[in-house]
Amino acid sequence: MKSYLNRQSIYAVIFIAVLFSFSIKNIMQEYPILSQTLQGLGSIDSAESLKSTIKHVDKNINDELLWKKQFMEGYGYLQVLMGKNEFNNFAYVKDDNGFFNYASLYSKSDPLIEEYAKRIARLKESVEKKGTKVMFISPPSKSIAEVSKNSEELEIQDHNPLQNEFLYDLYRNGVDYLDLRKPLLQSNIPKQDLFYKTDHHWTSQAAFVSFVAIVEKMKNLYGVDLDTNGFYSNLDNYSQRTYKNNLLGSQGRDTGINYSGLDDFTLIWPKFPTNFTYDSTDNYGNKVHREGSFDQSLLTPQALSHESDIYEVSSYDTFTDGVRAWNKIVNTNNPKGPKILMIRDSFSNPLEAFLSPLCSEVDAIWPLAKSGNVDVEKYLQDNEFDYVFVILYPGNIDGNGINFFKKN
Amino acid sequence: MLFASNIFLFYFLPIVLLVYYLLKFSRQMQNIWLFIVSIIFYAWGEPAFVLTLLGSIILNTLFSIIIEKYRSNTKISKIALVIICTLNIGLLAAFKYIGFIVTNINAAFGSTVFNEVKIALPIGISFFTFHALSYVIDVYRGTVVAEKNPLNVGLYIFFFPQLVAGPVLQYHGIVDQLKNRKSSWSKFTQGCCRFTFGLGKKLLFANSFAIVADRIFDLSAIGQASYNVPVLLAWVGSIAYTLQIYFDFSGYSDMAIGLGLMFGFEIDENFDHPYVSLSVTEFWRRWHISMTNWFREYVYFPLGGSRVSNTDKMVKNMLIVWLLTGIWHGAAWTFIVWGLWNFLFLLLERFTNLHKRKGNSALRHIYTLLVVNFGWVLFRSTNLYNAGKYFLNMFGLNNNGFYSDLAITFLKEYGVFFVVGIIFCSEISRGLAKLMEEKKQTIFSKVYGMVYPFMLASLFIVCILYLARGSYSTFIYFNF
C-alpha cells in the first residue's frame, strides 16, 4: 500500500506541475486576446448576452490554446501510430495513396438539384438580350476515377452522381456546360498529380489543362478563337517552378503535418509580356490594388515563402490572393479581348489567372463569401459581359453556391 | 462546463484548487468558495437556469427547517414534506416531462389537445432533484439535522464535481464531510490519479466508441432506402454503445470522485466492473450504484421492499422502482421500456434464484451481457420504432445481409480502443488491479510501481492532445 501511495504521490507532483505551469503560461498567452474579445462584446445585460459572451470566451480559449499546433501534430502522430485512416469522426478519410477525402457513409440526394439548374437558366435568360453567353463549367472532385482508391470500406464522398444529374438538368434547361472530368482524365498529367493530397483543390497543372479545355470549348461552342495559333495554350510558353513540400491544404491543416504530410506546389506563370491591373475586396472589406505583369499583379508569392505560417497560408492562394468576395483583372495589353464574369469558388483561382491574358477583363464573384457578398443579379444589371461562366466544384452545387436567380 | 474541456482543465481547476488551499485556515470559507465556483461551473453551460435552481435551494432549506421544527406535529411536518417533494418533482416534471406528456395526450386523442411544449432541459436537473429530495427526506426521517445555512445545502446540491452527472449523493452520507472533512496529501494524490483515469476513459475511449455507435445507430435510423445495416454492423454498433456508455459514465464518475478527493470529499464508488456480472441482479449492484442505492433508500424500502406480506406486493414495488428508473433517465418511451426490460429480468432472476446459483459462469455471463446489451439498444434508440428496426437488423430480419465491410473497417480503425476497452471492462483488469494491490512485492508490481506515474503522466498528456484537437465529444448522462 505504501508503494502504491508513493507512486500516486509522484504522479500527483507531475500532474500539479504540468497543470499549473501549462495553465499559467496559457493564461498569459490568452489573456490579451480574451480581454480584447470581452471588450469587443460590450456589456452583459441579459441571459442571452451572457450566454453569447461565454460562447465567445470558450471559443477563444479553444482556438488560442498554447501550443495548439504542436498538440494537433501530436494528435496526428497518435493517429498514424494507430494506423487510422479515418480522421476525427469521419471528417476525412485517407485513401491508400494518402489522399484526403470527405467521408460519406451513404449518399444523400438534394431534392432541389433541378431548381439549381433552373437558376442558371434564369441567369442565362436575364443576360441573353445583351448578347451575353452563359456557360456552367464543372471541375471534378477527387472522386473522379482512379484518383482516390480505398482498399477499406471507408466510403468517400462521391460527387459524380450529383455532378452527372446536375449537368443533365442544365442540358434539359438549355444551359451550355463544360464537364472538365473528361479533358483532365485524358490529359498527360498522371492521375496522382491532378489533386493535392492534403487539399480538396486541383493542382496548378490540372487547372492549366482546364484552362486550355475552356478555350477549346469556347471555340467549338461560340466560334470564338481566343488562341488562334495555340500560343497561350502551350505550356512551353510558361515558366514553372515546383516548391517541394510547400503546400498544406485545408484538410491537412485540420489534421496536422504528421498525419497528412505535405504536398509539392507548382507555380505556373507566363514567359510572355503581360500587364494587368488587379483590384479586389477581401472578406473583411479591405481593398487591394496592384498593377504590373502577371507575377506582379496576379500572384502573391508570400504564400510560398518559408517565413509564412504553413498552417495559416496555403500555397494554393498564391493565385489571385486566394478566393475573394470580388475581384477584377483588367488586361491593358488586350483591350479588344472578351470581357468575362466568373461566378465561382476557390477552384477558379488559377483558372482566372490563366484566362486573363486572353481577355480584356475578368471579373469574379464568390457567392459563398461569408461577408462582403456581391449581389450577382445587380452586378449583371450594372455591368455588361461577353461571357458569364459559373464555375463551381461539385461540392458547391447546392443552395449556398447557387444562391442567385431564385424562383420568385 | 465540461470536465473534459480546456476551460475547465486550464482555467477553472487550477484557480479553484489554488484558492481552495489558500483558504485552508477556514472550512467555512472553503465551502463558500466551492459553492461560488460551483455556480460559475453550472452557469457556464446554463446561465438561464441558475436563479431557478438557487431558488429551489432556498425553498428546500426553509422547508427542511419547518419539517424539523414541527417534527412533534407529524401532520404539519408531513404536509411540509409533501409540499417540498411536490415542488422538487414538479420542477423536474415541468422541465423534463411536460413536453412528453403533451405529445402523448395529443397522440392519444389524435388531435392537438394542448399545444406542443418545448422547454430547454437544465443540465443535470435529475441529479439536482434527487439530491434535494434526499435532503428533505433525511431531515423528515430525523437521520440528519436540518441545515440552517442555505449555503451548506447549496454546496451539497450544487457541488460541481457531481452536479451535472452524479454520482447521486445521499445527504446523510455526505453531511458530516461538508463541515468536518479532512483534506490530506494522500487523498489529494488519489484524486489526481482518479481524475486522470476518468479523463482518459472519457476522452480516449468513450468518445471513440461514440463515433462508431452514433454512426451505426444513425445508419439504422435513416432507413433501408438509404442504407441497409447488416447483422455484423448492427452488433458492432450495439457493442460500441455498450462500451461507450460504460466508459462515458464511469469516466465521469471517476473524474467526480477524483475531484472530490482533491477537495477532501470521499464520494462513494458508482461503478464496480459491471460487465463482469453473472446476472442482471449483480449488474445492477455494480452499475450506477449511487442511483440504485437512492431508489432503494427512498422508494423501494419505503414501499416495503422485499419484506412484504405477499409476492404480489414485492412485484408491484419492483415494478414501481424500475418504471421510475426508466422515467428518470428520460422522457421517452424507450427509457420506460428499458426500465421494464430490466424489471422483467430482475423479476425472473428473483423467482428462479439465478443470481444465487453457482456454475455455468460463462453461460451466465453471456446471458447477462446480452440482456444488458439489448437494454442499451433500447436506451440509445431515438424511439421505439428505431429500436425495433435496430433489433431486426441485429437478427437479420430486415432483409439485411450478415457480413459488412464497414463493420470490419470500424473494428480496424478503432481496434485498439475495442481491445483495450474490453480488457478494462473484464476480469483481466480486475485481476491486474488485485495483483497491484497485493502486499507481497512481486517483480511485476515493483516494475508497475515504477512506471505507474509515468504511464499516468503520458495518459494525461495524450488527453491534452485530444482536448486540444477538440475531438468528437458528448456526455450521455448530461441529458438526464
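All of the numbers you see were taken from the coordinates with simple rules; none came from a lab. What you see is a predicted model, and the numbers here were worked out from it, not measured in a lab. When we count neighbours, we look across all protein chains shown, and the Cβ atoms used for this are built from the backbone with ideal geometry, even at glycine.
Please work out the C-alpha center-to-center distance from the range B:155-221 to the range B:373-435 and express it in whole Å.
Value for the Cα centre distance between the two parts: 24 Å.
Provide, as a two-decimal number, the C-alpha radius of gyration of the range A:256-408 over 2.2 N^0.38 Å, N being how many residues it has.
Working: Rg = 16.1 Å, N = 153, 2.2 N^0.38 = 14.9 Å.
The reported ratio for this selection is 1.08.
Have a look at A:102, A:131, A:39 and report the one farthest towards the positive end of the charge dipole of the range A:24-140, computed about the Cα centre with Cβ charges (Lys/Arg +1, Asp/Glu -1).
Value: A:131.
Let a ≥ b ≥ c be the square roots of the eigenvalues of the Cα gyration tensor of the range A:326-407; is it rounded (a/c under 1.5), or, if not, prolate (a/b larger than b/c) or oblate? Write out the running numbers ahead of the final one.
On the way: a/c = 2.17, a/b = 1.56, b/c = 1.40.
Because a/c hits 1.5 or more and a/b exceeds b/c, the range A:326-407 counts as prolate.
Pairing the Cα long axis of helix A:68-81 with the longest principal axis of chain A, what angle in degrees results, from 0 to 90 and rounded to the nearest 10?
90 degrees
Hey, which of these cross-link pairs are over 29 Å Cα-Cα: B:78/B:148; A:68/B:202; A:94/A:219; A:108/B:202; B:412/B:446?
On the way: B:78/B:148 19 Å; A:68/B:202 21 Å; A:94/A:219 39 Å; A:108/B:202 32 Å; B:412/B:446 34 Å.
Over 29 Å Cα-Cα: A:94/A:219; A:108/B:202; B:412/B:446.
Could you tell me how far the Cα centroid of the range B:266-293 sits from the Cα centroid of the range A:228-307, in Å?
Answer, in whole Å: 62.
About the Cα centre of chain A, how large is the charge dipole given +1 on each Lys and Arg Cβ and -1 on each Asp and Glu Cβ? Please answer in debye to the nearest 20. It would help to have the intermediate numbers written out before the result.
Working: 42 positive and 52 negative charges, 65 e Å.
The dipole magnitude comes to about 320 debye.
In the range B:36-117, which chymotrypsin sites (Phe, Trp or Tyr not before Pro) fall in coil by DSSP and have 15 or fewer other Cβ atoms within 10 Å? Intermediate values should be presented prior to the final figure.
On the way: sites: B:41, B:42, B:44, B:49, B:63, B:70, B:95, B:97, B:100, B:109, B:114; in loops: B:70, B:114.
Taking the range B:36-117 and a limit of 15 other Cβ atoms within 10 Å, the loop chymotrypsin sites (Phe, Trp or Tyr not before Pro) found are B:70, B:114.
Let me have the relative contact order for chain A, percent, based on Cα pairs under 8 Å that are six or more residues apart.
On the way: 676 pairs, mean separation 63.0, N = 408.
Value for chain A: 15 percent.
Please report, in Å, the Rg and the Dmax of the protein assembly as shown, where both are computed over Cα atoms only.
32.4, 109
Under a point-charge model restricted to the Cβ atoms of Lys and Arg (+1) and Asp and Glu (-1), what is the dipole moment magnitude of the range A:232-321 relative to its Cα centre, in debye to the nearest 20?
Values: 6 positive and 13 negative charges, 44 e Å.
Magnitude of the dipole: close to 200 debye.
Calculate how many DSSP beta bridges within chain A are antiparallel, expressed in % of all such bridges and rounded to the nearest 5. Let's see the in-between values first.
On the way: 32 of 51 bridges.
Bridges in chain A are about 65 percent antiparallel.
For the range B:300-314, what does the Karplus curve 6.51 cos²θ - 1.76 cosθ + 1.60, with θ = phi - 60°, yield as ³J(HN,Hα) per residue in whole Hz, taken in order and with x for Gly and Pro?
Computed from phi, the couplings for the range B:300-314 are 5, 5, x, 6, x, x, 8, 8, 10, 5, 9, 5, 4, 5, 4 Hz.
Per residue, what volume in Å³ does the convex hull of the Cα atoms of chain B enclose?
Working: hull volume 89.5 nm³, N = 480.
Convex hull volume per residue, Cα atoms: 186 Å³.
Ranked highest first by the average count of other Cβ atoms within 10 Å around their residues, in what order do B:119-130, A:42-53 fall?
Values: B:119-130: 20.3, A:42-53: 12.9.
Averaged packing, sorted descending, gives the order B:119-130, A:42-53.
Using only the Cα atoms of the range B:178-331, build the gyration tensor, take square roots of its eigenvalues as a ≥ b ≥ c, and label the shape rounded, prolate or oblate: rounded if a/c is under 1.5, else prolate if a/b is larger than b/c, else oblate.
Numbers: a/c = 2.68, a/b = 1.12, b/c = 2.40.
It comes out oblate by the Cα gyration axes.
How much mean residue ellipticity at 222 nm does the protein assembly as shown get from its helices, if each DSSP H run of length 4 or more adds -39500 (n - 2.57) and you divide by all residues, to the nearest 500 deg cm²/dmol? Can you show the working numbers first?
Working: 34 runs with 480 residues, N = 888.
It comes out at -17500 deg cm²/dmol, rounded to the nearest 500.
Cα atoms only, the range A:175-284: Rg and Dmax in Å?
16.6, 50
Take every DSSP beta bridge with both residues inside the protein assembly as shown and express the antiparallel ones as a percent of the total, to the nearest 5.
On the way: 32 of 51 bridges.
Given both bridge residues lie in the protein assembly as shown, the antiparallel proportion sits at roughly 65 percent.
Taking +1 at the Cβ of each Lys and Arg and -1 at the Cβ of each Asp and Glu, which of B:403, A:24, B:164 sits farthest along the dipole of the protein assembly as shown towards its positive end, judged by Cα position relative to the Cα centre?
B:164
Could you sort out which of A:244/A:370; A:271/A:370; A:25/B:201; A:197/A:339 sit more than 30 Å apart by Cα distance in this structure?
Among A:244/A:370; A:271/A:370; A:25/B:201; A:197/A:339, the Cα-Cα distance tops 30 Å for A:244/A:370; A:271/A:370; A:197/A:339.
Using 0.36 nm per residue of separation minus the Cα-Cα distance, give me the extension gain between residue A:58 and residue A:373 in nm, one decimal.
Details: separation 315, 0.36 × 315 = 113.40 nm, distance 2.85 nm.
Here the answer is 110.6 nm.
Under a point-charge model restricted to the Cβ atoms of Lys and Arg (+1) and Asp and Glu (-1), what is the dipole moment magnitude of the protein assembly as shown relative to its Cα centre, in debye to the nearest 20?
Working: 80 positive and 75 negative charges, 820 e Å.
The dipole magnitude comes to about 3940 debye.
Mind pulling the angle between the C-alpha long axis of helix A:204-222 and the longest principal axis of chain A? Nearest 10 degrees, somewhere in 0 to 90.
30 degrees
Rounded, prolate or oblate: which one fits the range B:223-311, using the alpha carbon gyration tensor with axes a ≥ b ≥ c (rounded when a/c is under 1.5, else prolate when a/b beats b/c, else oblate)?
On the way: a/c = 2.82, a/b = 1.36, b/c = 2.07.
Because a/c hits 1.5 or more and a/b fails to exceed b/c, the range B:223-311 counts as oblate.
Would you please state which residues of the range B:29-52 a label at residue A:31 would reach in this model, taking the label point 7 Å out along Cα→Cβ and a backbone N cut-off of under 15 Å?
Inside the label zone: nothing.
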